[in-house]
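Step one of this worksheet: look at the structure below.
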Amino acid sequence: MRWDFASVFDNTDALLVGAAGTLRIFAICLVLGLSLGLLVGLGRYSRNRWIHIPATVFVEFFRNTPVLVQILWFYFALPILLPFQISPLVAASLGISLNSAAFSAEIYRGGIQSIETGQWDGARALGMRWGQAMRRIILPQALKRMLPALTNRAIEIFKMSTLASAVAYVELLQQGKLIASLNYNPIEAYTAVAVIFFVFLWPLVQFSYFLERRLRRDE
Amino acid sequence: MTILKVTGLTKRFGATDVLRGIDLEVARGERIAILGASGSGKSTLLRCLNFMERPGGGTIALDGEILGREGRTAERIYRESELIQVRQRVGMVFQQFNLFPHMTAIGNVMEGLRTVRGMPKPEAEARAAKELARVGLAEKADTYPAHLSGGQKQRVAIARALAMDPEMLLFDEPTSALDPELVGEVLAVILALAEEGRTMLLVTHELGFAYHVATRIIFLADGAIHEQGTPDEVLKNPKKERTRAFLASHKQFSF
């Protein structure tokens, strides 16, 4: 067979639009997923059962259902229960963000629990409130330990963004499908999509290594 | 003048009675060394005094004011805001130092002033520098705990407690985690604080140090005060058999 990338390059503008769509949903889901995950993770850690139980239910529900199903459900089923339409972006963002929140909540909880009780003692002995101790003493140390796991989460979110194509959200894979169907060149089109993903993700991983080294300077 | 009054303090962990009714009055300027075998409840007693552990029963009064309010059980109900006030007035130094590893020495000492007191940074920095100088570590201000020796870490921890201007200091086996050659520098700092007339309670295994620094010795056994008195009374002429046995086991290899 012959590779024909010219037909892909002819559609560079479509791929650029797709890349912009991928980056947009990635940014939304990264911020929403990781910050909501922190709240849920703290909730899982709480001794108050009115906080603890809903947080646990949330984690178990979203960890044990496929993201693709969640996205389809938000897109097709939720509008029946709610009085308004939901765009592909919102449906996909909800699915990916909530799923990431559930997974990252477990990372946060594990990270926080890994900090020695002596650190809580030291903070409380100075007269810190729970929130102060968490913000100033526990979380900064826990974040350092969680960084590799959180970076994995970010990479996972980036790759999960392709699931948004299931509801026809315009992102890289969706545009790749479009190019493949226009020119009957799926091999080249999907190869190009894979390469673009690698080009985005590889620097992200390198950046996380850099961050880890920087955070280790107090050792 | 009494600063702290403990009445009938009890504490249990699960099925174990760790403290069985401690009565203790601490006058301002007193230095009390608490001795006892491991499991006698001495650390728990200390940790109850600044509410790192909630007392099971009995009362604790600071400056004549009984803390908490009565609940349905023997255990009193304490408001978090009340305990936060108490912890600022009663400083604590831990066996394992519990320095914050992500902050420099001066960062550790400033932390309470900044976060708890809301003191502006320049002011907190100046105060922290003063406390570090007091424990002889002015030149280590920008060093992270990982690069300090055990003795230096403990001195930073003492400076951190002092920065909050506590009315009373609790030392929970401050030298037990140190290599023998580093014990002296920490004891010298504590001795200097004693000479300033600070009120302190000290759980320790250093009998010689307790003899020199304390104004009163309390010997704890099975969660109760077994014997107490001046260092001469308790350490040189113990009246009770268990105190004698404890002291003998500690002096077994002295020369």
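Readers should treat all values here as calculations from the given coordinates under stated rules, not as data from a laboratory. Fair warning: this is a prediction, and the values are worked out from it, not measured in the lab. Methodologically, a virtual Cβ is constructed for each residue, glycine included, from the backbone with ideal geometry; neighbour enumeration extends over all protein chains shown.
Working from label points 7 Å from Cα in the Cα-to-Cβ sense, the A:ILE51 to A:LEU16 distance is 4.8 nm. Using the Cβ-Cβ distance between A:PHE61 and A:TYR190 with R0 = 30 Å, the FRET efficiency computed as 1/(1 + (r/R0)^6) comes to roughly 0.35.
Just to be sure I understand the curve: with the Debye formula and one point per C-alpha of the protein assembly as shown, what is log10 I(q)/I(0) at q = 0.09, 0.13 Å⁻¹? For the requested q values the scattering log ratios are -0.74, -1.16.
Taking label positions 7 Å along the Cα-Cβ direction at both B:ALA138 and A:LEU211, the computed distance is 4.1 nm, reported to one decimal. Once the Cα-Cα distance is subtracted from the 0.36 nm per residue extended length, the A:TRP202 to A:LYS159 segment shows a gain of 14.2 nm. Each pair of Cα atoms in the stretch B:197-242 enters the Kirkwood radius, and Stokes-Einstein at 20 °C and 1.002 mPa s then converts it into a translational diffusion coefficient of 192 µm²/s. Comparing Cα centroids, the stretch B:189-228 and the stretch B:121-159 end up 25 angstrom apart.
Length gained on full extension, A:LEU81 to A:GLU106: 6.0 nm, using 0.36 nm per residue less the C-alpha separation.
Helix content alone sets the calculated 222 nm mean residue ellipticity of chain B: runs of n ≥ 4 DSSP H residues at -39500 (n - 2.57) each, divided across all residues, give -10000 deg cm²/dmol.
Close amide H contacts of B:GLU53 (hydrogens built in the peptide plane, cut-off under 5 Å, sequence separation of 5 or more or a different chain): B:CYS48. When shorter helices are ignored and each DSSP H run of at least 4 residues is given -39500 (n - 2.57), the per-residue value for chain A at 222 nm works out to -24500 deg cm²/dmol.
Taking only the C-alpha atoms of chain A, Rg followed by Dmax gives 20.8, 73 Å.
Between the stretch A:140-219 and the stretch B:1-48, the alpha-carbon centres lie 58 Å apart. Take the convex hull of the alpha carbons in the stretch B:125-255; its mean projected area over all directions comes to 9.3 nm². Given R0 = 51 Å, the distance between the Cβ atoms of B:LYS251 and B:ILE77 translates into a calculated FRET efficiency of 0.70. Peptide B:92-100 is shielded by partner chain Cβ atoms: per residue, an average of 5 of them sit within 10 Å of its Cβ.
For chain A, complete DSSP H runs whose alpha carbons reach 24 Å or more along their own long axis and whose mean Kyte-Doolittle score is -1.0 or higher are A:12-45, A:88-113, A:139-160, A:186-215.
With the largest listed first and rounded to whole Å, the semi-axes of the equivalent ellipsoid of the stretch A:65-138 from the Cα gyration tensor are 40, 14, 8.
For B:GLY229, the residues whose amide H sits under 5 Å from its own are B:ILE217, ignoring neighbours fewer than 5 places away on the same chain, with H placed 1.01 Å from N. Measuring r between the beta carbons of B:ASN237 and A:THR117 and using R0 = 35 Å, the FRET efficiency lands at 0.30.
The distance from the alpha carbon centre of the stretch B:71-119 to that of the stretch A:1-53 is 40 Å, rounded to a whole number.
What number comes out for the charge environment of A:ARG47, summing +1 per Lys or Arg and -1 per Asp or Glu over other residues with Cβ under 14 Å away? Every neighbour counted, the sum reads +3. Judged by the gyration tensor of its Cα atoms, with axes a ≥ b ≥ c, the stretch B:1-98 is rounded; a/c sits under the 1.5 cut.
What shape does chain B take by its C-alpha gyration tensor, where a ≥ b ≥ c are the square roots of the eigenvalues and a/c under 1.5 counts as rounded, a/b above b/c as prolate, and the rest as oblate? Verdict is oblate for chain B. Counting only other chain Cβ atoms within 10 Å of each residue's Cβ, the peptide B:114-123 averages 2. Between A:SER35 and B:ALA15, the modelled label-to-label distance comes to 5.1 nm, taking each label 7 Å out from Cα in the direction of the beta carbon. Listed from fewest to most Cβ neighbours within 10 Å, the set A:CYS29, B:CYS48 follows the order B:CYS48, A:CYS29. For the stretch B:1-88, the list of GluC sites (Glu not before Pro) that fall in a loop by DSSP and count at most 11 other C-beta atoms within 10 angstrom reads B:GLU70. Put in line by how crowded their Cβ is, counting other Cβ atoms within 10 Å and starting with the fewest, B:ILE218, B:ILE34 read B:ILE218, B:ILE34.
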